[in-house]
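Values in this text are rule-based calculations from the coordinates and carry no lab data. None of the values given here were measured: they were computed from a predicted structure. Counting neighbours? That spans all protein chains shown, and the Cβs are built from the backbone with ideal geometry, glycine included.
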Amino acid sequence: MNARTRSDWMAPVKSGLMGGLIALLIAMVGLVEVSVKRPILTADGRILLSVGQLLLLLPIILMCYKAVQVFAAGCEKVTDRLGLLATGALSGFFASLVLAALVLLGRVINLRTVFIRASPDLFNTLTFGLGLGGGSVVLLLFGALLGGLVAAITLLPDRIRRPLVLGLALVPLAAILTSALFAGRGFSVPVALLVGVVAAALTFAWRQTQPKLQDRVAALSPSGQRTYQVFRWLLPVAIVLALPRLGAYPSEVLVNVGLFVLMGLGLNIVVGFAGLLDLGYVAFYALGAYAMAVLTSPEMTWHGIHLTFWQALPFAVLASTSAGIILGIPVLGMRGDYLAIVTLGFGEIIRLVFLSDWLKPFLGGSNGITRIPKAVVGSIALDNSPKLYYLILAGCVVAAFVAIRLKDSRLGRAWMAMREDEDVAQAMGIDLIKTKLLAFATGATFSGLSGAIFASKLTSIYPHSFHVLVSINVLGVIIVGGMGSIPGVVVGALALVGLPELLREFAEFRLLMYGAALVFMMLTRPEGLVPEARRKLELHEADGEV
Amino acid sequence: MALLELQDIHTYYGAIHALKGISIHVDEGEIVTLIGANGAGKSTTLNTICGLQHPRSGSVTLKGESIQHLPAHEIVTRGVAQAPEGRRVFGRLNVTENLEMGAFVRVDKDGIKRDMERVFTLFPRLKERAKQVAGTLSGGEQQMLAIGRALMASPRLLLLDEPSMGLAPILVEAIFDTITEINAQGTTVLLVEQNALIALSVASRGYVMETGSIRLADTAEALRNNEMVRRVYLGET
Ligand SMILES: Nc1ncnc2c1ncn2[C@@H]1O[C@H](COP(=O)(O)OP(=O)(O)OP(=O)(O)O)[C@@H](O)[C@H]1O
Ligand SMILES: [Mg+2]
């Protein structure tokens, strides 16, 4: 590393200030206040670290990392390494300076006339309960220490750093999950240490043995390899099947996640594979749900038909599929932003149709449709979340299977070509009309299936359940997961649908967190959490870190 | 009978009258070139032939069958492939995938494989970069890929839109050698070019276009010696 110029020292200061400002923002909107009671680390019933505090730390940690990461490569000499520690500390110091300034300001004037969240409780959290003078000094020292620590971890060799970071990240995550799922009280220090060390050790061991394991597997006979594949999948499958044992509430959350996975898999085909930005996707979800409701609810007497869930399901799905085609035809010639705007309109129109007084005798209007029967399998009524989980799981498995097969098919390649360049695709012999309509139809099918299950889950549906926000949420799921990536849909739905449901205290901040998550993803990892190989290539070929 | 014949073609972009009664023909086994200034309507002519644009009146016949009403994806199956202007390779797909895309309408696996080998023999540079993402290829390599991709459809008639655009002179020469070779192997070529000198040196016949009409039609030899062509397109004074 070369001697640093003045601007090299300004960068960490800026990063630090930025981290501090983000933390400040998080505090001022009230995120800290609502979550300071949710424990992560406890000792004798006292909270050592809460989610609220973690929320303040995270931006600072991330910005410190950003500050040191630029210089981390090639830090061989001792002076370089010390320089890096200083960079981190500097960054952390300035971050905490922002917070200290807030505390001071809060003492001098009453911030609460403008920022109602600038409460004494918050200041107490920020100063570690040590009062203004001492607390501020401790806060500054703490910030510098934290920054230094981040820099120190960055300096570790990859082999050790990854397991360590994973262990460190897993502890709060596991603590939050257990506290949300089982009304637990977070981890005590020994438990936290145990979880962290075990996770780190396992990762370390896995990273050491995995290459060898792969060689061994490659050396196996074909039948041996098949057996290996079966065993490799056994554990994940067992876990997925056992998930409802966690209880009614986690199952409820998982069912909601599943509904979004199903929709996400469909939208992923439309947007991710075929490149057609559809913002009215909720329309097909609504159609599936309403078709199910109209055909099965005893309230709907105008047509004289009363089907069971399973009898109505094919019709509900078919209704959505046809709607996908019918709504697809007028937008065949549109691309990009035009398509987005027109489909957005479609989504709203469908919702307004369901809401209209004109169709009230047929569709229930604003009163919605109630008394939708539950699905029955054999003699078991799927009347609670742990049972419904298996229904939605089956739906997701089928949809994922179809999506995977389609991706590698001739149709999948046609979608890919169309996404790249419609004219050239056409000149290669791809029938644009057919290819586009098939994308809309497949996407709508999955969404309709999701909607049908949704209707029977809730047993009553109302037009306001099918707001445009649902479309945006599904889009968020596939963006966060990774456009075009099938596992990404699952991860995205867990992150954007599952987490917020678990952490109920954040309910009112849901949209804010959505926005923040999307901005953060776009800045740091535009290819998504579980990127599709091709997109990763595309987004990172410039910086050569494929 | 001509392989391809355009008779009194009128093509519009909305109110813009881009082709004002074009009549040209290309015989089996020929290289025919279409030269003309920017905006003369050369690309529009090619797009009209391969169905990306449809003429308002006039006829396009391929082996005596009129095709002007067919959609682009059906015209490909009849043996017409285009390497479009400005290369337009599938940027996120690698070289092999791009070539496979060119053979989208074909089902004969062996034939596809043979043609892939043929393209790699014609353009060894592409073989070296078979797994490289097309968007990262150099301009010349992308041009080779665009031509190779069109060849993968195993066309009777290959439409090339300005294959020399933006390439160094040495590469232009190499590309045109390959075009001659492709033609010698039995593919008829309709070549649109700005570089009239080199186009007229490989073609047997040529057409000169001006603002949507054919101004001159003659053998390449005669066009090279034509006073107006020399002045306007060969830049001689
Ligand atoms: N999509 C379009 N919409 C409207 N006008 C168009 C369109 N494409 C081409 N034109 C117009 O049609 C005319 C012929 O265009 P064309 O692209 O065929 O020219 P060209 O001979 O290929 O020129 P160049 O050598 O610059 O490629 C031009 O005046 C152009 O502006
Ligand atoms: Mg042109």
Asserting the computed 222 nm helical MRE of chain A (DSSP H runs at least 4 long, -39500 (n - 2.57) per run, divided by residue count, to nearest 500) equals -23500 deg cm²/dmol
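Please work out how much length the chain gains when fully extended from B:Asp110 to B:Gln194, using 0.36 nm per residue of separation minus the C-alpha to C-alpha distance, in nm with one decimal.
Numbers: separation 84, 0.36 × 84 = 30.24 nm, distance 3.71 nm.
Full extension from B:Asp110 to B:Gln194 adds 26.5 nm.
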Connecting every pair of Cα atoms under 10 Å apart in chain B and solving the GNM, the largest mean-square fluctuation among B:Thr188, B:Thr136, B:Thr11 falls on B:Thr136
Looking only at lysines whose Cα falls under 29 Å of B:Lys109's and that sit 8 or more positions away or on another chain, we get A:Lys407, A:Lys434, A:Lys436, B:Lys63, B:Lys127, B:Lys131
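Is there a quick way to get the dipole size of the range A:275-362? I mean about its Cα centre, with the Cβ of Lys and Arg at +1 and of Asp and Glu at -1; what is the value in debye to the nearest 20? Could the numbers behind the result be given before it?
Numbers: 3 positive and 5 negative charges, 18 e Å.
The calculation lands at about 80 debye.
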Under a Gaussian network model of chain B whose springs join Cα atoms within less than 10 Å, the largest fluctuation of B:Ile179, B:Ile35, B:Ile16 belongs to B:Ile16
Note to self: C-alpha centroids of the range A:88-149 and the range A:195-247 sit apart, in Å, by 45
Mean separation of Cα contacts under 8 Å (at least 6 apart) over the residue count of the range A:6-155, i.e. the relative contact order in percent, is 31
Highest mean packing first, using Cβ neighbours within 10 angstrom, the peptides A:273-281, A:107-115 sort as A:273-281, A:107-115
Under the 7 Å Cα-to-Cβ spin-label approximation, B:Ser59 and A:Ala381 lie apart by a distance in nanometres of 7.2
At R0 = 51 Å the Cβ-Cβ FRET efficiency linking A:Asp8 and B:Arg215, nearest 0.05, sits at 0.20
Label model pair A:Ile404, A:Ala169: point-to-point distance (7 angstrom along the Cα→beta-carbon line) in nm is 2.4
Working note, chain B: Cα radius of gyration (Å, one decimal) and Dmax (Å, whole number) are 17.2, 54
One would report the antiparallel percent of DSSP beta bridges in the range B:118-237, rounded to the nearest 5, as 55
Length-normalised contact order of chain A, Cα under 8 Å, at least 6 apart, in percent, tallies to 16
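Mean shadow of the range B:89-152, computed from the convex hull of its alpha carbons, in nm²? Walk me through the numbers before you get to the answer.
On the way: hull surface 14.4 nm².
Averaged projected area of the range B:89-152's Cα convex hull equals 3.6 nm².
Taking every DSSP beta bridge that has both residues in chain A, what percent is antiparallel when rounded to the nearest 5? All intermediate terms of the calculation are to be shown ahead of the outcome.
Details: 7 of 9 bridges.
The antiparallel fraction comes to roughly 80 percent.
Work out the length of the dipole vector of the range A:240-463 about its Cα centre, built from +1 on the beta-carbon of each Lys and Arg and -1 on the beta-carbon of each Asp and Glu, and round it to the nearest 20 debye. Walk me through the intermediate numbers first.
Working: 15 positive and 13 negative charges, 111 e Å.
Roughly 540 debye for the range A:240-463.
Divide by every residue of chain B the summed helix terms, -39500 (n - 2.57) for each DSSP H run of at least 4, and state the resulting mean residue ellipticity at 222 nm, rounded to the nearest 500 deg cm²/dmol.
My calculation for chain B gives -10500 deg cm²/dmol from helical runs alone.
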In whole percent, the Cα-Cα distances of the range A:145-209 spread across 5 Å bins from 0 upward as 4, 18, 21, 21, 19, 11, 6, 1
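If you take each beta carbon of peptide B:150-156 and count the beta carbons of other chains within 10 angstrom, what is the mean?
Numbers: counts 2, 0, 1, 3, 0, 0, 0.
Across the residues of B:150-156, the mean count of other-chain Cβ atoms within 10 Å is 1.
Taking 8 Å as the Cα distance limit and 6 or more residues as the minimum spacing, I'd like the relative contact order of the range A:240-463 as a percentage. Working shown, then result.
Values: 365 pairs, mean separation 94.2, N = 224.
Contact order relative to length: 42 percent.
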Pseudo-spin-label distance A:Leu241 to B:Glu173, built 7 Å along Cα→Cβ, given in nm, is 7.1
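Take chain A, mark every one of the GluC sites (Glu not before Pro) that falls in a DSSP loop and has at most 16 other Cβ within 10 Å, then report the longest stretch left between them, sites excluded.
Numbers: sites that count: A:Glu76, A:Glu299, A:Glu541, A:Glu545.
Here the longest segment lacking exposed loop sites spans A:300-540.
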Kirkwood-based Rg/Rh on the Cα set of the range A:240-463 evaluates to 1.00
Of the convex hull drawn through the C-alpha atoms of the protein assembly as shown, the volume per residue in Å³ is 244
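Any chance you could list the semi-axes, whole Å, largest first, of the equivalent ellipsoid that the Cα gyration tensor gives for the range A:395-546, using √(5λ)? Working shown, then result.
On the way: eigenvalues 167, 106, 34 Å².
Three semi-axes, in Å: 29, 23, 13.
With +1 on the Cβ of every Lys and Arg and -1 on the Cβ of every Asp and Glu, and nothing else charged, how large is the dipole of the protein assembly as shown about its Cα centre, in debye rounded to the nearest 20? The partial results should precede the final answer.
Working: 66 positive and 57 negative charges, 547 e Å.
The calculation lands at about 2620 debye.
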Ranked by GNM mean-square fluctuation in chain B (Cα springs under 10 Å), the top entry among B:Val107, B:Val89, B:Val202 is B:Val107
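Calculate, for B:Glu117 and B:Thr180, the FRET efficiency according to 1/(1 + (r/R0)^6) with r their C-beta to C-beta distance and R0 22 Å; round to the nearest 0.05.
Values: r = 20 Å, r/R0 = 0.90.
Efficiency for this residue pair is about 0.65.
Two decimals is fine: what's Rg over Rh for the range A:6-155, C-alpha atoms, Kirkwood radius as Rh? Intermediate values should be presented prior to the final figure.
On the way: Rg = 15.9 Å, Rh = 15.7 Å.
On the Cα set of the range A:6-155, Rg over Rh gives 1.01.
I need the calculated FRET efficiency for the pair A:Arg335 and A:Leu82, taking r as the beta carbon distance and R₀ as 56 Å, to the nearest 0.05. All intermediate terms of the calculation are to be shown ahead of the outcome.
Details: r = 55 Å, r/R0 = 0.98.
E(calc), rounded to 0.05, equals 0.55.
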Note: B:98-106 gets an average of partner chain Cβ contacts (10 Å, Cβ to Cβ) equal to 4
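Taking each residue of A:412-425 in turn, how many C-beta atoms of other protein chains fall within 10 Å of its C-beta, and what is the average?
Details: counts 0, 5, 3, 0, 5, 6, 0, 2, 10, 5, 0, 6, 14, 5.
Per-residue shielding by partner chains comes out at 4.
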The equivalent-ellipsoid semi-axes of the range A:252-356, taken as the square roots of five times the Cα gyration tensor eigenvalues and listed largest first in whole Å, are 27, 17, 12
P(r) over all Cα-Cα pairs of the range A:78-188, 5 Å bins from 0 to the longest distance, whole percent per bin, short to long, reads 2, 11, 14, 13, 15, 17, 15, 9, 3, 1, 0
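Could you quote the convex hull projected area for the range A:163-249, Cα atoms only and averaged over all directions, in nm²?
7.1
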